[in-house]
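Note sheet for the following structure.
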Amino acid sequence: MGTVVALDSLLAAQTLWHAGRASAAALGEPTGHAALDALLPQGGWPRHALSELLLPADGVGELALLLPTLARLSQAGATVAVVAPPYVPYAPAWQAAGVALERLEIVQAMPRDALWAFEQCLRSGACGAVLGWPRQADAQALRRLQVAADSGQCLGFALRDRRHAANPSPAALRLEAVRDAHGGSAWQVRKCRGGPAPARAFALATR
């Protein structure tokens, strides 16, 4: 009986593929980048989960990656929470990208409180997506964030230094910012739910 309970728990957490259910590709939330959706086994951001973006520095294209999703969610009436950002978001640029500013909430928090605020926003059930910068979070803290995103049924995005790439993470998806062959911005999938990480990187289209 214990084995059955454990298996049911795994299935409920979507860590196993269940024969006869919808394919993994139907489980993702569109990223707004068709080429990235095609790379990811679930066809987009993992729903009700934490995605981790590993960055060499701030401002390497992480907002260009996320804004299509944030715009779509906010235009549909979902709240987008940005918790303790390192820089004040430039509202005209977010609006130009399609984000409905009336659905954007900037949560100010001291560094010692930012992780708690991030977790509470994820868990609240009031947000469609939550962005946070948990710079000092350990594996246990990240696991709480993952559980909170699942409980709150929202998309969580943790933006972290890429030095953490060598450490294990409970995040459902991990993307690392890298340079492509032409020196442009690209994203390498380091971990993804639903299948093996693709070898090919996703390069952001330049305008």
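Computed values, structure above
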{"item": "Output for the stretch 187-204, where each listed residue is more than 16 Å from the chain's Cα centre (by Cα) and not in a loop (DSSP other than H, G, I, E, B)", "result": "203"}
{"item": "Given (1) among the small types (Gly, Ala, Ser); (2) at pLDDT 95 or above; (3) surrounded by 13 or more Cβ atoms within 10 Å (Cβ to Cβ), index of the condition residue 77 fails", "result": "(3)"}
{"item": "Filter pass, residue 54 being in a helix (DSSP H, G or I) and buried (at least 17 other Cβ atoms within 10 Å of the Cβ)", "result": "no"}
{"item": "Neighbours by Cβ (under 8 Å, 6+ apart or cross-chain): first from the stretch 160-185, assigned to a loop (DSSP other than H, G, I, E, B); second at pLDDT below 90 and among the hydrophobic types (A, V, I, L, M, F, W, C)", "result": "184/204"}
{"item": "Failed item, numbered, when residue 130 is tested on (1) within 19 Å of residue 45 (Cα to Cα); (2) β-branched (Val, Ile, Thr); (3) over 14 Å from the mean Cα position of the chain (by Cα)", "result": "(3)"}
{"item": "Selection within the stretch 62-90 - more than 16 Å from residue 158 (Cα to Cα), part of a helix (DSSP H, G or I) and in contact with a strand residue (DSSP E or B) (Cβ under 8 Å, 6 or more places away or on another chain)", "result": "73, 74"}
{"item": "Residue check, residue 72 closer than 19 Å to residue 142 by Cβ, among the basic types (Lys, Arg) and open to solvent by 30 Å² or more (accessible area, probe 1.4 Å)", "result": "no"}
{"item": "Matching residues, the stretch 172-196, being open to solvent by less than 10 Å² (accessible area, probe 1.4 Å) and either in contact with a Ser or Thr (Cβ under 6 Å, 6 or more places away or on another chain) or closer than 16 Å to residue 57 by Cα (or both)", "result": "173, 175, 177, 186, 187"}
{"item": "Some residue of the stretch 110-124 being open to solvent by less than 50 Å² (accessible area, probe 1.4 Å), in a loop (DSSP other than H, G, I, E, B) and touching a helix residue (DSSP H, G or I) at 6+ places or on another chain (Cβ under 6 Å)", "result": "no"}
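The values are calculated or read from the model by the stated rules, or taken from the named source; none is laboratory data. For clarity, every value in this text was computed on a predicted model and none was experimentally measured. Virtual Cβ from ideal backbone geometry, glycine too; neighbours counted across all protein chains shown. Accessible surface is based on the protein model in full, side chains and every heavy atom, while ligands, DNA and RNA are left aside. Shrake-Rupley method; radii C 1.70, N 1.55, O 1.52, S 1.80 Å.
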